[in-house]
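First comes the structure, then the notes that go with it.
All of the numbers you see were taken from the coordinates with simple rules; none came from a lab. Note that this is a predicted model, so its numbers are computed, not measured. Counting neighbours? That spans all protein chains shown, and the Cβs are built from the backbone with ideal geometry, glycine included.
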Amino acid sequence: MAEKMPTASREAALRIAQAARLLENIEIRPFVEALAERYGLPLTETRLMAVTVEDLRELLAGSHADASCAVGVPLETLKAVIRLFKGDGVEGSDLPPVESCAEGEMRNSIRVAVASNHGEELDGHFGSCERFLIYQVSPDALKLIAVRGALDADREEERNAARAALIADCQILYLQSIGGPAAAKVVRAGVHPVKRPQGGPAREILSKLQESLASPPPWIARVMGVPAASLARYAQVLATPAEG
């Protein structure tokens, strides 16, 4: 049986609920239905970030919208709702803060995706996780550089390929589980899937990966494009002229 598409991601639902409080007398169900009709399901933080003041005014007032209000809703309230939709001042949000990382800043690093549903937890399955946490990992630094919502990809005809495309700039993907056909699409995108069925805090799991980067085993060396540590001694022998 096909998976039922969620109405909204948890983060989007949180933003909509807090926006509805700002709008006071509005009924939340018709509000959600109006958003869904215009932007499609599932409602995600990415889609909410695209809503403008003018969009919101039209959703609330229809043909009654004017330049300063929407059926009694002041312009400043509309702007406050838009700020919430963009993630500004959301109470109880579990989206982790993203760290800046300039191109080329972290030498000898790899990019790693983590399938996640809550905070900075590795607690997601490839085909159903709400988001991918994207980390840049080097021997001496570990930065969360992006949070990419995954539910939008589920509207595509090839949903697994669309999810794989979201992380195609990564070398490794950590997740709790993944099916064979989906794993093939991830590998085809140039990403090495690593299953951790027990899950856990993403940074703790990646810190173990980080420790191995200075002297990488063969599978990590392969994704990094560097010689494996276990082969280094053989390279040294081959480089040393034989006596005699």
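List K195, K185, K208 from most exposed to least, where exposure is judged by having the fewest other Cβ atoms within 10 Å. Before the final figure, lay out the partial values.
Values: K195 14, K185 20, K208 8.
Sorted ascending by nearby Cβ count, the order is K208, K195, K185.
Which whole-number percent is the relative contact order of region 10-85 (Cα, under 8 Å, 6+ apart)?
Details: 60 pairs, mean separation 28.7, N = 76.
Relative contact order comes out at 38 percent.
What angle, in degrees between 0 and 90 and rounded to the nearest 10, separates the Cα long axis of helix 202-212 from the longest principal axis of the Cα atoms of the chain?
20
Which percent of the Cα-Cα distances in region 10-85 go past 17 Å?
On the way: 1030 of 2850 pairs.
When every Cα pair of region 10-85 is considered, 36 percent fall beyond 17 Å.
For region 110-224, what is the relative contact order in percent, using Cα pairs closer than 8 Å and at least 6 residues apart in sequence? Working shown, then result.
Numbers: 221 pairs, mean separation 32.7, N = 115.
Relative contact order comes out at 28 percent.
Sort R222, R163, R29 by Cβ crowding within 10 Å, fewest neighbours at the top. Don't skip to the answer; put the middle values down first.
Values: R222 13, R163 28, R29 9.
Listing R222, R163, R29 from fewest to most nearby Cβ atoms yields R29, R222, R163.
Report, by chain and number, residues whose modeled amide H sits under 5 Å from the one on R131, excluding near sequence neighbours (fewer than 5 apart, same chain).
Answer set, sorted by chain and number: S116, A150.
Rounding to the nearest 10 and keeping the result within 0 to 90°, find how far the Cα-based axis of helix 75-85 lies from the longest principal axis of the chain.
30
Antiparallel as a % of all DSSP beta bridges within the chain, to the nearest 5?
Here the share of antiparallel DSSP bridges comes out near 70 percent.
How long are the semi-axes of the equivalent ellipsoid of the chain, taking √(5λ) for every eigenvalue λ of the Cα gyration tensor, in whole Å from largest down? Kindly include the intermediate steps, with their values, before the conclusion.
Numbers: eigenvalues 416, 69, 39 Å².
They are 46, 19, 14 Å, listed from largest to smallest.
Only Cα pairs under 8 Å and at least 6 apart count here; give the relative contact order of the chain as a rounded whole percent. Kindly include the intermediate steps, with their values, before the conclusion.
On the way: 370 pairs, mean separation 34.9, N = 244.
Value for the chain: 14 percent.
Each residue of region 177-191 in order: what ³J(HN,Hα) in whole Hz does its phi give by Karplus 6.51 cos²θ - 1.76 cosθ + 1.60, θ = phi - 60°, with x for Gly and Pro?
7, 7, x, x, x, 5, 4, 5, 5, 5, 5, 4, 7, x, 10
Sort 122-131, 80-89 for me by packing, meaning the mean count of neighbouring Cβ atoms within 10 Å per residue, highest on top.
The packing order, highest mean first, is 122-131, 80-89.
Would you grab the residues whose amide H sits under 5 Å from the one on E121? Only those 5+ places off in sequence or on another chain, please, with H modelled 1.01 Å from N.
Under 5 Å from the amide H of E121 lie the amide H atoms of A202, each far enough along the sequence or on another chain.
Using the Karplus equation 6.51 cos²θ - 1.76 cosθ + 1.60 (θ = phi - 60°), what ³J(HN,Hα) coupling, rounded to whole Hz, does each residue of region 111-123 give in order, writing x for Gly and Pro?
My calculation for region 111-123 gives 9, 10, 9, 10, 6, 9, 10, 9, x, 9, 9, 7, 8 Hz in order.
So which lysines pass the test for K208, namely a Cα distance under 21 Å, with those fewer than 8 places away in the same chain ruled out?
Partners within reach: K143, K195.
With charges only on Cβ, +1 for K and R and -1 for D and E, what is the dipole size of region 10-85 about its Cα centre, in debye, rounded to 20?
On the way: 9 positive and 11 negative charges, 52 e Å.
Charge dipole of region 10-85: 240 debye, to the nearest 20.
Need one number: nm distance between label points at V187 and A161, each 7 Å from Cα along Cα→Cβ, rounded to one decimal.
According to this spin-label approximation, the distance is 1.8 nm.
If a/c stays under 1.5 just call it rounded; otherwise compare a/b with b/c (prolate if a/b is bigger, oblate if not). Do that for region 169-218, with a ≥ b ≥ c from the square roots of the Cα gyration tensor eigenvalues.
Details: a/c = 2.49, a/b = 1.36, b/c = 1.83.
It is oblate, given that a/c is not under 1.5 and a/b is not larger than b/c.
Ranking L56, L41 by Cβ neighbours within 10 Å, fewest first, what do you get? Could the numbers behind the result be given before it?
Details: L56 23, L41 17.
So the residues, fewest neighbours to most, are L41, L56.
Each residue of region 93-100 in order: what ³J(HN,Hα) in whole Hz does its phi give by Karplus 6.51 cos²θ - 1.76 cosθ + 1.60, θ = phi - 60°, with x for Gly and Pro?
These are the phi-based 3J(HN,Hα) values: 5, 9, 5, x, x, 8, 9, 6 Hz.
Report, for region 110-224, the % of DSSP beta bridges that are antiparallel, rounded to 5. Write down the numbers at each step before the final one.
Numbers: 17 of 25 bridges.
Given both bridge residues lie in region 110-224, the antiparallel proportion sits at roughly 70 percent.
Any idea what diffusion coefficient region 110-224 gets from Stokes-Einstein, in µm²/s, Kirkwood Rh on alpha carbon pairs, 20 °C, 1.002 mPa s? Kindly include the intermediate steps, with their values, before the conclusion.
Working: Rh = 13.9 Å.
It diffuses with D of about 154 µm²/s by this estimate.
Among the aspartates and glutamates, which have Cα under 15 Å from the Cα of K185 when same-chain residues fewer than 8 positions away are ignored?
Those aspartates and glutamates meeting the cut-off are D154, E156, E157, E158, D169.
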